[in-house]
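Read the structure below first, then the notes.
The values are calculated or read from the model by the stated rules, or taken from the named source; none is laboratory data. These numbers come from a predicted model, not from an experiment. FYI the Cβ positions are ideal-geometry reconstructions off the backbone, even for glycines, and counts take in every protein chain you see.
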Amino acid sequence: MITGKNYIGSSLSAKGDITFRTINPVENLVNQPFFVEATDDEINHAVALATKAFNEYSTISDAKKADFLEAIANEIEALGDDLLQIYTKESGLPAGRATGERARTMVQLKAFATMLREGSWVEAIINKVGDTIDIRRMLIPIGPVVVFGASNFPLAFSTGGGDTASALAAGCPVIVKSHPLHAGTAEMVSSAIIKAVQKTGMPDGVFSNLNSSGIAVGVKLVEHPDIKAVGFTGSIKGGTALCEIAAKREIPIPVYAEMSSINPVVVLPSVLKLANKEWAQKYAAAITMGTGQFCTNPGLILGIASQELDDFATNLAAELNAIQPSCMLHPNIKALYESHKNEVLAQDGYTQLTNLDIEVQENFALQNLISVSGELFLKNKAFHNEVFGPFSVIVKCETKEELDAIIENLEGQLTGTILNTDVTELVSFKTTIELLKNKVGRLIFNSVPTGVEVCSAMTHGGPYPSTSDSKFTSVGTTAVKRWVRPVSFQGWPNEMLPEALQNENPLSITRTLNDIITKDII
Ligand code: NAP
(Lines give C-alpha, C1' and ligand atoms only; values in the text may rest on other atoms or scores of the structure.)
Protein backbone atom coordinates (compact mmCIF):
# COMPACT_ATOMS: atom_id res chain seq x y z
CA MET A 1 0.00 0.00 0.00
CA ILE A 2 1.25 3.49 -0.81
CA THR A 3 0.97 5.84 2.18
CA GLY A 4 2.15 9.14 0.69
CA LYS A 5 4.59 9.50 3.62
CA ASN A 6 8.33 10.10 3.65
CA TYR A 7 10.83 7.40 4.60
CA ILE A 8 13.20 8.87 7.19
CA GLY A 9 15.40 5.83 7.45
CA SER A 10 13.00 2.99 8.23
CA SER A 11 10.31 5.25 9.77
CA LEU A 12 7.39 6.59 7.79
CA SER A 13 6.75 10.23 8.54
CA ALA A 14 4.28 12.87 7.33
CA LYS A 15 4.50 15.99 9.49
CA GLY A 16 4.04 18.57 6.75
CA ASP A 17 0.97 20.27 5.40
CA ILE A 18 1.97 20.60 1.72
CA THR A 19 0.41 17.75 -0.24
CA PHE A 20 0.30 16.76 -3.89
CA ARG A 21 -0.84 13.92 -6.12
CA THR A 22 0.64 12.26 -9.18
CA ILE A 23 -1.09 12.20 -12.56
CA ASN A 24 -2.03 9.40 -14.90
CA PRO A 25 -1.07 11.12 -18.17
CA VAL A 26 -2.83 8.61 -20.44
CA GLU A 27 -6.19 9.17 -18.77
CA ASN A 28 -5.30 12.72 -17.72
CA LEU A 29 -6.58 11.98 -14.19
CA VAL A 30 -4.99 12.40 -10.77
CA ASN A 31 -3.87 9.28 -8.90
CA GLN A 32 -4.37 8.44 -5.23
CA PRO A 33 -3.08 8.98 -2.58
CA PHE A 34 -1.89 12.45 -1.53
CA PHE A 35 1.85 12.69 -0.92
CA VAL A 36 3.11 14.82 1.95
CA GLU A 37 6.10 17.05 1.23
CA ALA A 38 9.00 16.65 3.67
CA THR A 39 9.35 19.39 6.31
CA ASP A 40 12.62 21.04 7.37
CA ASP A 41 12.61 18.84 10.49
CA GLU A 42 12.23 15.71 8.41
CA ILE A 43 15.00 16.82 6.04
CA ASN A 44 17.34 17.48 8.97
CA HIS A 45 16.38 14.19 10.61
CA ALA A 46 17.09 12.23 7.41
CA VAL A 47 20.49 13.92 7.03
CA ALA A 48 21.36 13.35 10.72
CA LEU A 49 20.47 9.65 10.40
CA ALA A 50 22.48 9.36 7.17
CA THR A 51 25.48 11.04 8.80
CA LYS A 52 25.31 8.64 11.74
CA ALA A 53 24.78 5.67 9.43
CA PHE A 54 27.86 6.69 7.40
CA ASN A 55 30.18 5.97 10.35
CA GLU A 56 29.08 2.34 10.35
CA TYR A 57 28.16 1.83 6.69
CA SER A 58 31.47 3.15 5.35
CA THR A 59 33.31 0.41 7.24
CA ILE A 60 31.01 -2.47 6.32
CA SER A 61 32.72 -5.10 4.16
CA ASP A 62 32.21 -5.12 0.41
CA ALA A 63 30.74 -8.62 0.70
CA LYS A 64 28.01 -7.37 3.06
CA LYS A 65 27.27 -4.35 0.86
CA ALA A 66 26.98 -6.76 -2.08
CA ASP A 67 24.44 -8.82 -0.11
CA PHE A 68 22.53 -5.59 0.60
CA LEU A 69 22.42 -4.56 -3.08
CA GLU A 70 21.26 -8.00 -4.13
CA ALA A 71 18.61 -7.96 -1.41
CA ILE A 72 17.34 -4.62 -2.81
CA ALA A 73 17.07 -6.18 -6.29
CA ASN A 74 15.16 -9.15 -4.86
CA GLU A 75 12.81 -6.96 -2.82
CA ILE A 76 12.08 -4.80 -5.88
CA GLU A 77 11.23 -7.95 -7.82
CA ALA A 78 9.04 -9.14 -4.92
CA LEU A 79 6.88 -6.02 -5.31
CA GLY A 80 5.55 -7.83 -8.39
CA ASP A 81 2.81 -6.43 -10.58
CA ASP A 82 1.83 -3.75 -8.06
CA LEU A 83 5.04 -1.92 -8.87
CA LEU A 84 4.52 -2.26 -12.62
CA GLN A 85 0.98 -0.98 -12.31
CA ILE A 86 1.86 2.14 -10.35
CA TYR A 87 4.77 2.74 -12.75
CA THR A 88 2.48 2.77 -15.80
CA LYS A 89 -0.19 4.78 -13.97
CA GLU A 90 2.27 7.51 -13.01
CA SER A 91 4.38 7.67 -16.18
CA GLY A 92 2.09 6.76 -19.07
CA LEU A 93 4.86 4.43 -20.24
CA PRO A 94 3.69 1.01 -21.48
CA ALA A 95 3.78 -2.22 -19.45
CA GLY A 96 6.62 -3.66 -21.56
CA ARG A 97 8.80 -0.67 -20.74
CA ALA A 98 7.95 -1.06 -17.03
CA THR A 99 9.06 -4.70 -17.05
CA GLY A 100 12.21 -3.87 -19.02
CA GLU A 101 13.15 -0.99 -16.77
CA ARG A 102 12.61 -3.07 -13.64
CA ALA A 103 14.92 -5.75 -15.08
CA ARG A 104 17.51 -3.08 -15.87
CA THR A 105 17.28 -1.72 -12.33
CA MET A 106 17.92 -5.18 -10.89
CA VAL A 107 20.80 -5.80 -13.33
CA GLN A 108 22.42 -2.53 -12.20
CA LEU A 109 22.13 -3.43 -8.51
CA LYS A 110 23.54 -6.90 -9.15
CA ALA A 111 26.36 -5.52 -11.32
CA PHE A 112 27.50 -3.34 -8.41
CA ALA A 113 27.26 -6.36 -6.10
CA THR A 114 29.54 -8.30 -8.46
CA MET A 115 31.93 -5.33 -8.61
CA LEU A 116 32.09 -5.24 -4.80
CA ARG A 117 32.77 -8.97 -4.54
CA GLU A 118 35.57 -8.77 -7.11
CA GLY A 119 37.14 -5.96 -5.09
CA SER A 120 39.42 -4.11 -7.54
CA TRP A 121 37.13 -1.05 -7.69
CA VAL A 122 38.98 0.51 -4.69
CA GLU A 123 42.11 0.85 -6.88
CA ALA A 124 44.50 -0.30 -4.19
CA ILE A 125 48.11 0.71 -4.89
CA ILE A 126 51.06 -0.25 -2.69
CA ASN A 127 54.39 1.55 -3.08
CA LYS A 128 57.26 0.21 -0.99
CA VAL A 129 60.96 1.11 -1.07
CA GLY A 130 62.92 -1.06 1.33
CA ASP A 131 62.03 -0.29 4.92
CA THR A 132 61.90 3.46 4.45
CA ILE A 133 58.86 4.09 2.22
CA ASP A 134 55.52 2.35 2.57
CA ILE A 135 52.63 4.28 1.01
CA ARG A 136 49.33 2.61 0.17
CA ARG A 137 46.41 4.25 -1.58
CA MET A 138 42.78 3.30 -2.09
CA LEU A 139 39.39 4.88 -2.70
CA ILE A 140 37.03 5.49 0.20
CA PRO A 141 33.40 6.76 0.32
CA ILE A 142 32.81 10.51 0.66
CA GLY A 143 29.70 10.60 2.87
CA PRO A 144 25.92 11.05 2.56
CA VAL A 145 24.73 11.61 -1.01
CA VAL A 146 21.52 13.20 -2.32
CA VAL A 147 19.97 11.63 -5.42
CA PHE A 148 17.39 13.44 -7.56
CA GLY A 149 15.22 10.84 -9.28
CA ALA A 150 14.80 11.39 -13.04
CA SER A 151 11.29 11.83 -14.45
CA ASN A 152 11.97 9.78 -17.58
CA PHE A 153 13.22 6.61 -15.84
CA PRO A 154 10.99 6.04 -12.78
CA LEU A 155 12.95 2.91 -11.87
CA ALA A 156 16.40 2.72 -13.50
CA PHE A 157 17.42 6.39 -12.97
CA SER A 158 15.35 7.08 -9.91
CA THR A 159 14.85 5.89 -6.30
CA GLY A 160 16.70 2.56 -6.60
CA GLY A 161 18.40 3.38 -9.91
CA GLY A 162 22.01 3.75 -10.97
CA ASP A 163 22.86 6.78 -8.81
CA THR A 164 21.52 5.14 -5.65
CA ALA A 165 23.05 1.74 -6.45
CA SER A 166 26.48 3.22 -7.19
CA ALA A 167 26.47 5.44 -4.08
CA LEU A 168 25.41 2.56 -1.81
CA ALA A 169 28.09 0.39 -3.42
CA ALA A 170 30.69 3.07 -2.67
CA GLY A 171 29.68 3.04 1.01
CA CYS A 172 27.67 6.29 0.97
CA PRO A 173 24.21 6.57 2.58
CA VAL A 174 21.62 7.93 0.13
CA ILE A 175 18.78 10.40 0.57
CA VAL A 176 16.52 10.40 -2.47
CA LYS A 177 14.67 13.60 -3.36
CA SER A 178 11.79 11.74 -4.90
CA HIS A 179 10.58 12.92 -8.31
CA PRO A 180 7.05 14.31 -7.84
CA LEU A 181 5.84 12.81 -11.15
CA HIS A 182 6.25 9.25 -9.84
CA ALA A 183 6.10 9.58 -6.05
CA GLY A 184 4.10 6.34 -5.68
CA THR A 185 6.61 4.28 -7.67
CA ALA A 186 9.32 5.91 -5.55
CA GLU A 187 7.61 5.00 -2.28
CA MET A 188 7.19 1.37 -3.34
CA VAL A 189 10.84 1.08 -4.34
CA SER A 190 11.80 2.78 -1.06
CA SER A 191 9.80 0.19 0.89
CA ALA A 192 11.80 -2.53 -0.90
CA ILE A 193 15.11 -0.82 -0.06
CA ILE A 194 14.10 -0.44 3.60
CA LYS A 195 13.17 -4.16 3.75
CA ALA A 196 16.61 -4.97 2.34
CA VAL A 197 18.22 -2.66 4.94
CA GLN A 198 16.46 -4.58 7.71
CA LYS A 199 17.04 -8.05 6.28
CA THR A 200 20.78 -7.52 5.78
CA GLY A 201 21.35 -5.60 9.03
CA MET A 202 22.39 -2.29 7.49
CA PRO A 203 22.32 0.81 9.72
CA ASP A 204 19.08 2.76 9.91
CA GLY A 205 19.40 5.95 7.83
CA VAL A 206 21.52 4.38 5.10
CA PHE A 207 18.55 5.20 2.88
CA SER A 208 15.74 7.79 3.08
CA ASN A 209 13.16 8.97 0.56
CA LEU A 210 11.73 12.48 0.79
CA ASN A 211 8.68 13.71 -1.11
CA SER A 212 8.39 17.15 -2.65
CA SER A 213 6.06 18.99 -4.95
CA GLY A 214 8.47 21.83 -5.71
CA ILE A 215 12.16 22.65 -5.56
CA ALA A 216 12.41 23.64 -1.86
CA VAL A 217 13.22 20.17 -0.45
CA GLY A 218 15.95 19.59 -3.05
CA VAL A 219 17.50 23.01 -2.44
CA LYS A 220 17.61 22.45 1.34
CA LEU A 221 19.20 19.04 0.90
CA VAL A 222 21.92 20.39 -1.42
CA GLU A 223 22.57 23.28 0.98
CA HIS A 224 22.80 20.98 4.02
CA PRO A 225 26.39 21.03 5.36
CA ASP A 226 26.42 17.28 6.04
CA ILE A 227 25.61 16.31 2.43
CA LYS A 228 28.79 15.50 0.52
CA ALA A 229 27.69 15.04 -3.12
CA VAL A 230 24.65 15.13 -5.41
CA GLY A 231 23.45 12.98 -8.32
CA PHE A 232 20.94 14.51 -10.74
CA THR A 233 19.30 13.72 -14.08
CA GLY A 234 16.98 16.28 -15.60
CA SER A 235 16.88 19.68 -17.25
CA ILE A 236 19.77 22.03 -17.87
CA LYS A 237 17.91 24.62 -15.80
CA GLY A 238 17.52 22.32 -12.76
CA GLY A 239 21.04 20.86 -13.03
CA THR A 240 22.69 24.27 -13.38
CA ALA A 241 20.70 25.66 -10.43
CA LEU A 242 21.83 22.77 -8.21
CA CYS A 243 25.48 23.15 -9.34
CA GLU A 244 25.33 26.86 -8.41
CA ILE A 245 23.81 26.13 -4.98
CA ALA A 246 26.46 23.49 -4.28
CA ALA A 247 29.29 25.80 -5.40
CA LYS A 248 28.09 28.64 -3.12
CA ARG A 249 28.04 26.52 0.07
CA GLU A 250 30.61 27.30 2.74
CA ILE A 251 32.11 23.94 1.84
CA PRO A 252 31.29 23.34 -1.85
CA ILE A 253 30.36 19.83 -2.98
CA PRO A 254 30.24 18.12 -6.39
CA VAL A 255 26.94 17.85 -8.29
CA TYR A 256 27.02 15.11 -10.91
CA ALA A 257 24.28 16.36 -13.20
CA GLU A 258 23.25 14.75 -16.47
CA MET A 259 21.33 17.43 -18.36
CA SER A 260 21.02 18.11 -22.05
CA SER A 261 22.12 16.43 -25.27
CA ILE A 262 20.95 16.34 -28.88
CA ASN A 263 23.19 13.39 -29.80
CA PRO A 264 24.49 14.22 -33.31
CA VAL A 265 24.43 11.50 -35.94
CA VAL A 266 26.72 11.92 -38.97
CA VAL A 267 25.33 10.06 -41.97
CA LEU A 268 28.17 9.50 -44.46
CA PRO A 269 27.31 9.22 -48.17
CA SER A 270 28.10 5.49 -48.53
CA VAL A 271 25.41 4.40 -46.11
CA LEU A 272 22.70 6.40 -47.86
CA LYS A 273 23.44 4.66 -51.16
CA LEU A 274 23.23 1.17 -49.67
CA ALA A 275 20.66 1.11 -46.89
CA ASN A 276 18.69 4.33 -47.03
CA LYS A 277 15.29 2.90 -46.04
CA GLU A 278 16.68 0.58 -43.36
CA TRP A 279 18.39 3.45 -41.52
CA ALA A 280 15.29 5.63 -41.93
CA GLN A 281 13.27 2.88 -40.21
CA LYS A 282 15.81 2.47 -37.40
CA TYR A 283 16.03 6.21 -36.80
CA ALA A 284 12.26 6.73 -36.84
CA ALA A 285 12.01 4.07 -34.12
CA ALA A 286 14.85 5.69 -32.14
CA ILE A 287 13.36 9.22 -32.38
CA THR A 288 9.94 8.05 -31.15
CA MET A 289 11.11 5.45 -28.60
CA GLY A 290 9.66 6.34 -25.19
CA THR A 291 7.96 9.31 -26.93
CA GLY A 292 11.44 10.73 -27.47
CA GLN A 293 11.96 11.12 -23.72
CA PHE A 294 15.48 9.75 -23.68
CA CYS A 295 18.64 11.70 -22.98
CA THR A 296 20.20 9.82 -25.91
CA ASN A 297 17.41 10.66 -28.36
CA PRO A 298 18.88 11.43 -31.82
CA GLY A 299 17.88 15.09 -32.13
CA LEU A 300 20.40 16.06 -34.83
CA ILE A 301 21.22 14.27 -38.08
CA LEU A 302 24.08 15.69 -40.16
CA GLY A 303 24.89 14.83 -43.78
CA ILE A 304 26.41 16.25 -46.95
CA ALA A 305 23.73 17.60 -49.33
CA SER A 306 22.91 15.06 -52.05
CA GLN A 307 19.98 13.32 -53.69
CA GLU A 308 20.56 10.41 -51.29
CA LEU A 309 20.34 12.69 -48.25
CA ASP A 310 17.11 14.15 -49.64
CA ASP A 311 15.80 10.59 -50.10
CA PHE A 312 16.80 9.75 -46.52
CA ALA A 313 14.95 12.82 -45.23
CA THR A 314 11.85 11.79 -47.21
CA ASN A 315 12.09 8.18 -46.02
CA LEU A 316 12.59 9.18 -42.39
CA ALA A 317 9.65 11.60 -42.51
CA ALA A 318 7.44 8.90 -44.08
CA GLU A 319 8.44 6.41 -41.38
CA LEU A 320 7.75 8.98 -38.65
CA ASN A 321 4.39 9.89 -40.17
CA ALA A 322 3.40 6.22 -40.00
CA ILE A 323 4.16 5.82 -36.28
CA GLN A 324 1.28 6.08 -33.82
CA PRO A 325 1.88 9.08 -31.50
CA SER A 326 2.34 8.13 -27.83
CA CYS A 327 1.86 9.64 -24.40
CA MET A 328 4.38 11.88 -22.63
CA LEU A 329 5.24 11.51 -18.94
CA HIS A 330 3.17 14.38 -17.64
CA PRO A 331 1.15 17.39 -18.85
CA ASN A 332 4.07 19.64 -17.81
CA ILE A 333 6.57 17.64 -19.86
CA LYS A 334 4.16 17.76 -22.82
CA ALA A 335 3.82 21.54 -22.37
CA LEU A 336 7.63 21.88 -22.30
CA TYR A 337 7.86 19.77 -25.47
CA GLU A 338 5.41 22.03 -27.24
CA SER A 339 7.04 25.26 -26.09
CA HIS A 340 10.62 24.12 -26.88
CA LYS A 341 9.50 22.75 -30.25
CA ASN A 342 7.60 25.94 -31.07
CA GLU A 343 10.67 28.04 -30.24
CA VAL A 344 12.51 26.16 -32.98
CA LEU A 345 9.56 26.24 -35.38
CA ALA A 346 9.29 30.02 -34.92
CA GLN A 347 12.66 30.41 -36.69
CA ASP A 348 12.89 31.21 -40.41
CA GLY A 349 14.37 29.11 -43.12
CA TYR A 350 13.73 25.47 -42.18
CA THR A 351 11.79 22.85 -44.18
CA GLN A 352 9.00 20.93 -42.45
CA LEU A 353 9.37 17.22 -43.31
CA THR A 354 6.78 15.34 -41.25
CA ASN A 355 3.19 16.33 -41.87
CA LEU A 356 1.19 14.85 -39.01
CA ASP A 357 -1.95 16.86 -38.58
CA ILE A 358 -4.11 14.57 -36.50
CA GLU A 359 -6.10 14.84 -33.27
CA VAL A 360 -4.40 13.01 -30.41
CA GLN A 361 -5.23 12.46 -26.74
CA GLU A 362 -4.42 15.24 -24.29
CA ASN A 363 -0.84 14.32 -23.28
CA PHE A 364 0.20 12.56 -26.48
CA ALA A 365 2.95 14.12 -28.61
CA LEU A 366 3.20 14.37 -32.38
CA GLN A 367 6.64 13.50 -33.72
CA ASN A 368 8.30 16.18 -35.79
CA LEU A 369 11.19 16.26 -38.27
CA ILE A 370 12.55 19.36 -39.98
CA SER A 371 15.61 20.09 -42.11
CA VAL A 372 17.87 23.12 -42.35
CA SER A 373 20.91 24.06 -44.38
CA GLY A 374 24.33 23.83 -42.78
CA GLU A 375 24.74 27.58 -43.21
CA LEU A 376 21.54 28.34 -41.29
CA PHE A 377 22.36 25.82 -38.55
CA LEU A 378 25.73 27.48 -38.04
CA LYS A 379 24.13 30.92 -37.84
CA ASN A 380 21.10 30.18 -35.68
CA LYS A 381 21.71 28.51 -32.30
CA ALA A 382 17.98 27.98 -31.78
CA PHE A 383 18.32 24.85 -33.94
CA HIS A 384 20.94 23.47 -31.51
CA ASN A 385 18.59 23.40 -28.50
CA GLU A 386 17.39 20.14 -26.98
CA VAL A 387 13.69 19.57 -27.59
CA PHE A 388 12.90 16.80 -25.08
CA GLY A 389 10.49 14.60 -27.01
CA PRO A 390 10.11 13.04 -30.49
CA PHE A 391 11.79 15.87 -32.40
CA SER A 392 14.78 15.83 -34.72
CA VAL A 393 16.58 18.16 -37.15
CA ILE A 394 18.34 17.09 -40.35
CA VAL A 395 21.18 19.41 -41.37
CA LYS A 396 22.24 19.43 -45.02
CA CYS A 397 25.86 20.58 -45.23
CA GLU A 398 27.27 21.89 -48.50
CA THR A 399 30.78 20.57 -47.88
CA LYS A 400 32.80 18.38 -45.53
CA GLU A 401 34.37 21.60 -44.19
CA GLU A 402 30.94 22.91 -43.28
CA LEU A 403 30.11 19.61 -41.57
CA ASP A 404 33.32 19.88 -39.54
CA ALA A 405 32.57 23.51 -38.63
CA ILE A 406 29.13 22.48 -37.37
CA ILE A 407 30.56 19.72 -35.19
CA GLU A 408 33.18 22.13 -33.85
CA ASN A 409 30.41 24.56 -32.91
CA LEU A 410 28.24 22.04 -31.10
CA GLU A 411 27.96 21.96 -27.31
CA GLY A 412 29.10 18.87 -25.38
CA GLN A 413 27.01 15.74 -26.00
CA LEU A 414 26.37 12.36 -24.41
CA THR A 415 26.76 10.56 -27.74
CA GLY A 416 27.95 11.04 -31.31
CA THR A 417 27.23 8.53 -34.07
CA ILE A 418 28.79 7.80 -37.45
CA LEU A 419 26.92 5.80 -40.09
CA ASN A 420 29.17 4.42 -42.83
CA THR A 421 29.66 1.33 -44.97
CA ASP A 422 32.92 2.13 -46.79
CA VAL A 423 36.31 2.03 -45.08
CA THR A 424 38.01 4.34 -47.61
CA GLU A 425 35.27 6.91 -47.08
CA LEU A 426 35.59 6.51 -43.30
CA VAL A 427 39.33 7.23 -43.43
CA SER A 428 38.66 10.37 -45.48
CA PHE A 429 36.41 11.63 -42.66
CA LYS A 430 39.08 11.14 -39.98
CA THR A 431 39.06 14.82 -38.98
CA THR A 432 35.26 14.76 -38.64
CA ILE A 433 35.47 11.68 -36.40
CA GLU A 434 38.17 13.34 -34.24
CA LEU A 435 36.08 16.50 -33.88
CA LEU A 436 33.05 14.44 -32.91
CA LYS A 437 35.05 12.39 -30.40
CA ASN A 438 36.10 15.58 -28.62
CA LYS A 439 32.47 16.61 -28.17
CA VAL A 440 30.99 13.39 -26.77
CA GLY A 441 31.12 10.76 -24.03
CA ARG A 442 30.28 7.82 -26.32
CA LEU A 443 31.24 7.49 -30.00
CA ILE A 444 28.94 5.04 -31.82
CA PHE A 445 29.47 3.37 -35.18
CA ASN A 446 26.57 2.12 -37.31
CA SER A 447 23.86 2.04 -34.68
CA VAL A 448 21.40 4.30 -32.88
CA PRO A 449 22.31 6.24 -29.71
CA THR A 450 19.22 5.16 -27.75
CA GLY A 451 19.79 2.11 -25.54
CA VAL A 452 22.57 2.45 -22.98
CA GLU A 453 24.17 -0.86 -22.01
CA VAL A 454 24.91 -1.38 -18.32
CA CYS A 455 28.54 -2.50 -18.37
CA SER A 456 31.86 -1.39 -16.98
CA ALA A 457 33.07 0.03 -20.32
CA MET A 458 30.04 2.32 -20.69
CA THR A 459 30.42 6.11 -20.58
CA HIS A 460 27.07 7.76 -20.08
CA GLY A 461 28.38 11.26 -19.64
CA GLY A 462 30.09 13.90 -21.73
CA PRO A 463 31.34 17.48 -21.89
CA TYR A 464 29.10 20.29 -20.53
CA PRO A 465 26.17 20.75 -20.86
CA SER A 466 25.48 17.05 -21.42
CA THR A 467 26.83 16.64 -17.90
CA SER A 468 28.38 18.88 -15.28
CA ASP A 469 31.59 16.81 -15.16
CA SER A 470 32.80 14.92 -18.23
CA LYS A 471 35.23 12.82 -16.18
CA PHE A 472 32.44 10.57 -14.93
CA THR A 473 29.66 8.26 -16.10
CA SER A 474 26.26 7.73 -14.52
CA VAL A 475 25.74 4.28 -16.12
CA GLY A 476 27.94 1.22 -15.61
CA THR A 477 30.01 0.16 -12.65
CA THR A 478 32.55 2.99 -12.97
CA ALA A 479 29.67 5.31 -11.92
CA VAL A 480 30.86 4.42 -8.40
CA LYS A 481 33.84 6.77 -8.90
CA ARG A 482 31.59 9.80 -8.34
CA TRP A 483 31.14 8.92 -4.69
CA VAL A 484 34.68 8.16 -3.57
CA ARG A 485 37.91 9.96 -2.85
CA PRO A 486 41.47 8.65 -2.60
CA VAL A 487 43.27 8.31 0.72
CA SER A 488 46.88 7.28 1.27
CA PHE A 489 48.16 5.42 4.32
CA GLN A 490 51.81 6.00 5.09
CA GLY A 491 53.91 3.70 7.23
CA TRP A 492 50.98 1.94 8.91
CA PRO A 493 51.27 -1.47 10.58
CA ASN A 494 49.80 -4.08 8.26
CA GLU A 495 47.08 -5.23 10.66
CA MET A 496 45.74 -1.67 11.04
CA LEU A 497 45.28 -1.17 7.30
CA PRO A 498 41.98 -1.72 5.45
CA GLU A 499 41.78 -5.27 4.15
CA ALA A 500 42.31 -4.15 0.54
CA LEU A 501 45.72 -2.70 1.43
CA GLN A 502 47.03 -5.48 3.64
CA ASN A 503 50.02 -7.56 2.51
CA GLU A 504 48.25 -10.88 2.95
CA ASN A 505 45.11 -9.94 1.13
CA PRO A 506 44.68 -12.69 -1.47
CA LEU A 507 42.61 -10.28 -3.57
CA SER A 508 45.68 -8.21 -4.32
CA ILE A 509 47.16 -11.14 -6.27
CA THR A 510 43.97 -11.40 -8.32
CA ARG A 511 44.19 -7.70 -9.00
CA THR A 512 47.72 -7.92 -10.32
CA LEU A 513 46.77 -10.85 -12.53
CA ASN A 514 43.75 -9.03 -13.87
CA ASP A 515 45.91 -6.02 -14.61
CA ILE A 516 43.06 -3.87 -13.32
CA ILE A 517 44.78 -2.64 -10.20
CA THR A 518 48.42 -1.64 -10.01
CA LYS A 519 50.12 -3.17 -7.04
CA ASP A 520 53.55 -1.61 -7.45
CA ILE A 521 56.23 -3.00 -5.26
CA ILE A 522 59.32 -1.04 -6.19
P1 NAP B 1 13.72 19.03 -13.94
O2 NAP B 1 12.76 20.12 -14.07
O3 NAP B 1 15.14 19.36 -14.17
O4 NAP B 1 13.54 18.40 -12.51
C5 NAP B 1 14.32 17.29 -12.08
C6 NAP B 1 14.39 17.32 -10.57
O7 NAP B 1 15.16 18.43 -10.16
C8 NAP B 1 13.03 17.47 -9.93
O9 NAP B 1 12.99 16.64 -8.81
C10 NAP B 1 12.97 18.92 -9.56
O11 NAP B 1 12.27 19.14 -8.37
C12 NAP B 1 14.42 19.27 -9.30
N13 NAP B 1 14.70 20.66 -9.64
C14 NAP B 1 14.47 21.26 -10.82
N15 NAP B 1 14.89 22.53 -10.78
C16 NAP B 1 15.38 22.73 -9.55
C17 NAP B 1 15.96 23.84 -8.88
N18 NAP B 1 16.09 25.02 -9.48
N19 NAP B 1 16.34 23.69 -7.62
C20 NAP B 1 16.19 22.50 -7.00
N21 NAP B 1 15.65 21.42 -7.55
C22 NAP B 1 15.25 21.53 -8.82
O23 NAP B 1 13.38 17.82 -14.91
P24 NAP B 1 12.01 17.02 -15.10
O25 NAP B 1 10.96 17.50 -14.17
O26 NAP B 1 12.39 15.62 -15.02
O27 NAP B 1 11.61 17.34 -16.59
C28 NAP B 1 11.53 18.64 -17.09
C29 NAP B 1 12.41 18.75 -18.31
O30 NAP B 1 13.74 18.33 -18.01
C31 NAP B 1 12.02 17.88 -19.48
O32 NAP B 1 10.99 18.37 -20.24
C33 NAP B 1 13.32 17.81 -20.23
O34 NAP B 1 13.51 18.95 -21.01
C35 NAP B 1 14.35 17.77 -19.15
N36 NAP B 1 14.83 16.40 -18.87
C37 NAP B 1 15.97 16.00 -19.45
C38 NAP B 1 16.44 14.73 -19.21
C39 NAP B 1 17.71 14.26 -19.83
O40 NAP B 1 18.00 13.10 -19.69
N41 NAP B 1 18.48 15.11 -20.47
C42 NAP B 1 15.75 13.85 -18.38
C43 NAP B 1 14.57 14.30 -17.79
C44 NAP B 1 14.15 15.57 -18.04
P45 NAP B 1 10.70 19.32 -8.36
O46 NAP B 1 10.14 18.45 -9.42
O47 NAP B 1 10.33 18.91 -6.99
O48 NAP B 1 10.43 20.73 -8.68
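Within the stretch 311-328, can one find any residue that is assigned to a loop (DSSP other than H, G, I, E, B) and either within 30 Å of THR399 (Cβ to Cβ) or touching a strand residue (DSSP E or B) at 6+ places or on another chain (Cβ under 8 Å) (or both)? Yes, the stretch 311-328 contains at least one residue that is assigned to a loop (DSSP other than H, G, I, E, B) and either within 30 Å of THR399 (Cβ to Cβ) or touching a strand residue (DSSP E or B) at 6+ places or on another chain (Cβ under 8 Å) (or both).
Results for (1) more than 6 Å from the ligand (Cβ to nearest atom); (2) surrounded by fewer than 22 Cβ atoms within 10 Å (Cβ to Cβ); (3) free of Cβ contacts under 8 Å to residues at least 12 places away in the same chain, shown as yes or no for each residue.
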residue: THR233; (1), (2), (3): no, no, no
residue: ILE236; (1), (2), (3): yes, yes, no
residue: ALA241; (1), (2), (3): no, yes, no
residue: GLU244; (1), (2), (3): yes, yes, yes
residue: ILE251; (1), (2), (3): yes, yes, no
residue: TYR256; (1), (2), (3): yes, no, no
residue: ILE262; (1), (2), (3): yes, no, no
residue: VAL267; (1), (2), (3): yes, no, no
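Residue-by-condition table, conditions (1) outside any loop (DSSP other than H, G, I, E, B); (2) modelled with pLDDT of 95 or more; (3) outside the structural domain of HIS224 (by TED's automatic domain parsing); (4) within 22 Å of ILE333 (Cα to Cα):
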{"position": "GLU27", "(1), (2), (3), (4)": "no, yes, no, yes"}
{"position": "PRO33", "(1), (2), (3), (4)": "no, yes, no, yes"}
{"position": "ILE43", "(1), (2), (3), (4)": "yes, yes, no, no"}
{"position": "ALA50", "(1), (2), (3), (4)": "yes, yes, no, no"}
{"position": "PHE54", "(1), (2), (3), (4)": "yes, yes, no, no"}
{"position": "ILE60", "(1), (2), (3), (4)": "no, yes, no, no"}
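The residues on offer are GLY451, GLY461, GLY441, and the sole one that is in the same structural domain as SER339 (by TED's automatic domain parsing), among the small types (Gly, Ala, Ser), within 25 Å of GLY100 (Cα to Cα) and within 21 Å of the chain's Cα centre (by Cα) is GLY441. Among the conditions (1) assigned to a strand (DSSP E or B); (2) within 22 Å of the chain's Cα centre (by Cα), the only one that GLY303 does not satisfy is (2). Among the residues of the stretch 295-341, the ones that are within 15 Å of the ligand (Cβ to nearest atom) and either touching a helix residue (DSSP H, G or I) at 6+ places or on another chain (Cβ under 6 Å) or of a type outside the set (Val, Ile, Thr) (or both) come to 19 in all. All of ALA150, ALA103, ALA98 fail the test of being closer than 30 Å to THR291 by Cα and surrounded by fewer than 16 Cβ atoms within 10 Å (Cβ to Cβ), apart from ALA103. Could you list, in sequence order, all residues of the stretch 190-205 that are out of contact with any Leu (no Cβ under 7 Å at 6 or more places or on another chain) and either surrounded by 17 or more Cβ atoms within 10 Å (Cβ to Cβ) or under 24 Å from GLN85 (Cβ atoms) (or both)? Once the filter is applied, which keeps residues that are out of contact with any Leu (no Cβ under 7 Å at 6 or more places or on another chain) and either surrounded by 17 or more Cβ atoms within 10 Å (Cβ to Cβ) or under 24 Å from GLN85 (Cβ atoms) (or both), the stretch 190-205 yields SER190, SER191, ILE193, ILE194, LYS195, ALA196, VAL197, THR200, MET202, PRO203.
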